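Below you'll find the structure, written out as structure tokens, and then a few comments.
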Amino acid sequence: MIKRRQLLGGMAAGAAVALAGGHAQAGAPPPGTFTASDVHVKDYPTVQAIQWIGEQLAKETGGRLSMRVYHSGQIGRENDTIDLTRYGALDFTRVNFAALTNIFPVSGVLTLPYVFDDVGHMRRALDGTVGKDLLAALSQRGLVAACFYDSGARCIYNGRRPVHEPGDLRGMKIRVPLSDIFMSMAQAMGANPTPLSFGEVFTALQTHLIDGAENNWPSLDSTRQFEVARHWAETHHSMSPELLFISERSLRALTPADRDLVLDLATRSVTMMRTLWDKDEAAARAHCIANGVQVTEVDKDAFRRATEPVLKTYLADPDRNRFYRRIRQEA
Ligand code: GTR
């Protein structure tokens, strides 16, 4: 929950104005209102999951606690919202693991190429002790890692030509998140990686600053990038999940009972998010295809081989390596 002065001191001017009440439709959050940020649009499954947490909080506390979600990147890039959450200027932020790999090296293990065999494997690993230990490892520097959300399998898409094998990406500028691992992965797959934040991708595609990007179906669909990048290659190269961070400072300010309630609701939101996700992913895929996106099967083994050196490099870190081996045991 926000104190106006603390907020204005700790963040970029535009975002501060939005949060502190300068935003035309928002107004200052009333007392007892948590603030949360997400780069996705209002009806995206991650945003809906946070909204659900807020609704349940309001229900269970008779309106004493609630949530205001700043969606669509209103507060800024994921890396910025992580900092705001660390300092308690934001209470919750939902980010992808891609935004964490440079800050928390161990987190990179979940983004590495072909770590998970499929969705079942990912959910099994994250729901079990591996996930529990990872959340604990990431709960530091003023942040509490509350739960994982699904993000499907990332694939490469572009506006130039169909891609079947890594060689087809030669000479193509492919946008990646601001993460060393994603840079290395795109490079290993034969592309010229171009790091940009999520909100910049549509315009970069439209103006041909980049030829393509890599992401999941709901992101291609919700950002309308499918209008400018119609070749989708089923590389499934990374299943980098989402993470909900809560500010440690915000949690500490609560009574033990309220703290337990918040953490419990975050855990419980995972099931509802997954139901939404499964539906949304299928609908996004169908919508993009109906709007002209052409899907190509790829030589997955060739992509796996091409990205093996990346795996090797990043698994030289003993912490990542330990988690990697435990994840593979769940396959
Ligand atoms: C999406 C993810 C976002 C953001 C984005 C990106 O799949 O949900 O949080 O990280 O990818 O590529 O920047």
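Among all residues of segment 86-108, there is at least one that is under 15 Å from Leu251 (Cα atoms) and within 14 Å of the ligand (Cβ to nearest atom). If you go through segment 116-142 and keep only what is of a type in the set (A, V, I, L, M) and more than 16 Å from the ligand (Cβ to nearest atom), you end up with Ala125, Val130, Leu134, Leu135, Ala136, Ala137.
Scoring Ile246 on the criteria (1) in a helix (DSSP H, G or I); (2) within 19 Å of Cys147 (Cβ to Cβ); (3) aliphatic (A, V, I, L, M) leaves a single failure, condition (1). Scanning segment 56-78 for residues that are in contact with a strand residue (DSSP E or B) (Cβ under 8 Å, 6 or more places away or on another chain) and not in a loop (DSSP other than H, G, I, E, B) turns up Leu57, Ala58, Ser66, Met67, Arg68, Val69, Tyr70, Glu78. A count restricted to segment 155-193 and to residues that are open to solvent by 30 Å² or more (accessible area, probe 1.4 Å), free of Cβ contacts under 8 Å to residues at least 24 places away in the same chain and assigned to a strand (DSSP E or B) stands at 1.
If the requirement is being in contact (Cβ under 8 Å) with a residue 40 or more places away in the chain and under 21 Å from Ser151 (Cα atoms), which of these qualifies: Thr267, Thr275? Talk me through it step by step, then tell me what you get.
Numbers: Thr275 fails: in contact (Cβ under 8 Å) with a residue 40 or more places away in the chain.
Step by step, each of Thr267, Thr275 is checked, and only Thr267 is in contact (Cβ under 8 Å) with a residue 40 or more places away in the chain and under 21 Å from Ser151 (Cα atoms).
Residues in segment 55-69: is at least one of a type outside the set (Gly, Ala, Ser), within 16 Å of the ligand (Cβ to nearest atom) and either within 15 Å of the chain's Cα centre (by Cα) or modelled with pLDDT under 95 (or both)? No, there is no match, as no residue in segment 55-69 is of a type outside the set (Gly, Ala, Ser), within 16 Å of the ligand (Cβ to nearest atom) and either within 15 Å of the chain's Cα centre (by Cα) or modelled with pLDDT under 95 (or both). Candidates in segment 79-113 are the residues that are part of a helix (DSSP H, G or I) and hydroxyl-bearing (Ser, Thr, Tyr); of these, the one that is surrounded by the fewest Cβ atoms within 10 Å (Cβ to Cβ) is Ser107.
Screening Ser240, Ser269 for residues that are in a helix (DSSP H, G or I), crowded, with 19+ Cβ neighbours inside 10 Å and under 22 Å from the mean Cα position of the chain (by Cα) leaves exactly one candidate, Ser269. Among the residues of segment 205-224, the one identified as more than 9 Å from the ligand (Cβ to nearest atom) and either in contact with a Leu (Cβ under 6 Å, 6 or more places away or on another chain) or assigned to a strand (DSSP E or B) (or both) is Gly212.
The values are calculated or read from the model by the stated rules, or taken from the named source; none is laboratory data. Note that the structure is a prediction, hence the values are computed from the model and not measured. Note: ideal-geometry Cβ built from the backbone for every residue, glycine included; neighbour counts use all protein chains shown. These accessible areas exclude ligands, DNA and RNA; they are computed on the full protein's heavy atoms, side chains included. Shrake-Rupley method; radii C 1.70, N 1.55, O 1.52, S 1.80 Å.
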